[in-house]
Structure formats: structure tokens, C-alpha cells
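Report on the following structure.
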Amino acid sequence: MASAQVSGTPPAIGRRWRDRALIAYARGPEHPTKVRLLHWLIRGLAAGRIEVCYCGGVRIAIEPADYVGWAILRSGHYEPASLDLVLRLMRATPGPFVDVGANIGWYSCAVAAVPDSIVVAIEPDCVNCAALRKNLAGLGRSEAVVVNAAVGSRFEPVRIARRAPRNSGSVAVVPADTPRIGGADWVAALPLGALLGSVVVPAIRPTVIKIDVEGFERQVLAGLDLSGPFRPRNIVMEYEPVLSEAAWGGLAGIEAFFGQNGYEIVDVYGRPLTAAVLPEANIWARER
């Protein structure tokens, strides 16, 4: 398979005049009070939310007070190389896209615009999930499946919490042996294979499974039979060195796991892994 390369996708732009004005200011010259003034303007003019268009006209609402929304506001992108890879794979082989840890739908909404795609977006956090549903509904893709749950190795209740207060992407499953903490919510965890068996009927192999679950990746994969009907053609998975060391024993453990299951591990540009620091902290597992 050829290496994936960033296509130079234009940055996200504002949908309404006030969105465009706020984005122009956010990406304009810096000055000492800019961040404070920008947040004040966003609250006053846009009620804390900005609507942007990206990937050829896909519309999504972001919250600039959040880490992901702030990155999109200031740069117009969030994980552009990884998103470009997913879109290239989905356009080449349309089919199911399973977004595990979908957040507000940055990936899911972009893929939903790909003809013949089947989107299954999974998000455990109820606030994120409400934004995800609204963003997907705005595309008119009623067939996209949204699941407000966690996925793991078995059916069980789990606790989730945000590792960082202003980062909606830091929602993580709290280890079972962790003492009770404030701000944690209980949600249902489902095996991914069982979930897909219920929502993708008849069974179709996913073209891509994207996994971004803050160190819970191994449990997600434990709930999926990689030799069964939902064996994905590609997996795009977050790699965070500290969390990965605890879960996998580092990058070597990840390579061994996927190698035993018939996948080659490369970075999101399709290059061999040569360092623990990877582009956008994601890896690409592709079938050999």
C-alpha cells in the first residue's frame, strides 16, 4: 500500500459572518490581551460555540474553551495527517468507520460525508455525546449510529473521568483499583465485537477503526475478535508513551500484538516506526 501523505486540506473556516470574524481575529496578529478578549468575544457573540466548515463543506460546532476546539479555532486543523489518512482509506474502500472515542465528531462528521460510508460513533462522556449527536444530525446523516457507552473486554459498569478539566478529549476509564474520586461517572462498557454485531447488520468488515481512549486501547481490542467478521482492514490508534508503557510495555508490545494478528504498524504517513515520538501521537495498523 502506498504511503499516506497529507493532502494540504484547507483549514476550517467560519460558517456564519460572526464565526468568520472571530476566526480571523484568532488567527491574526498576537497581542498581550488577545486570549482574554477572544474568549470574551466568543461568549458574547457566539454563546461560547463557533460553527466551522472543513473537508469540503462539512459543518461542525466547536467550543473554543476546550482543548480540541481551541486548536481548530487557532489553526483550522486537528490531527490533519491522521484525518487525511482516514478519509483516504474510506474513499478508497467505502464501508464501516468505527470511531471509538468520537468526542464531538471531528472524524465521524468528516467520514459521514464520504459516499457509502457507515459511521458508528462511540463516546462515553454524555456532554461530548450530546455535541456529537447534534453535529451528526446537522449533516442529515440519520443512519449514522451514535453509542453513548464505553467499549472494553466485557460487559461491565466502569467509571470515567476527564484527566484534564478543559480537555474533552481526555475522558478516560478510571482503573478499577483506583479509590473513588470526585467527578467520575459510571457508564456501561460493551465488547466492541458484540456492539458491532448489533448495529452493523449484515456484518461488514470495517474499513477503519479509530481508537482514542486514553490508555484503554488494549481493553477495546480485547473485546473484538480480530479473526472474526468485524476484523478491520485498518486501525488508527492513539499512542501516548506513558499510558502505552503501562498498558502494552511500550511500542514494542504494540508491534508484537499487531504483528501476531497480521497487521503492519507504521506512522500516519505510512513510514516505519523509528521513534517513540510519532506524528500526532497516532499509529496506523494496516493488514499485511
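Derivation of every value follows stated rules applied to the coordinates shown; laboratory data play no part. From a predicted model like this one, the values you see are computed outputs, not experimental measurements. So basically every Cβ, Gly included, is an ideal-geometry build from the backbone, and we count neighbours across all protein chains shown.
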The answer for the net charge of residues other than residue 16 whose Cβ lies under 14 angstrom from its Cβ, with Lys and Arg +1 and Asp and Glu -1, is +3
When the charge dipole of the chain is computed with +1 on Lys and Arg Cβ and -1 on Asp and Glu Cβ about the Cα centre, the Cα farthest towards its positive end, among 131, 174, 230, belongs to 131
Taking the chain and counting helices only, DSSP H stretches of n ≥ 4 at -39,500 (n - 2.57) each over all residues, the nearest-500 ellipticity at 222 nm comes to -9500 deg cm²/dmol
Shape descriptor, the stretch 45-130: equivalent ellipsoid semi-axes (Cα gyration tensor, sqrt 5λ, whole Å, largest first) stand at 22, 15, 11
Largest fluctuation, 120, 201, 171 only, Gaussian network model of the chain with Cα springs under 10 angstrom, belongs to 201
One quarter of the C-alpha convex hull surface, i.e. the mean projected area of the stretch 1-157 in nm², amounts to 11.1 nm²
Taking placed amide H atoms and a strict 5 Å upper bound, the residues 5 or more places from residue 151 or on another chain that come that close are 190
Relative to the compact-globule estimate 2.2 N^0.38 Å (N residues), the Cα gyration radius of the stretch 80-287 stands at a ratio of 0.96
For the chain the mean separation of alpha carbon contacts under 8 Å (6+ apart) over residue count, i.e. relative contact order in percent, is 15 percent
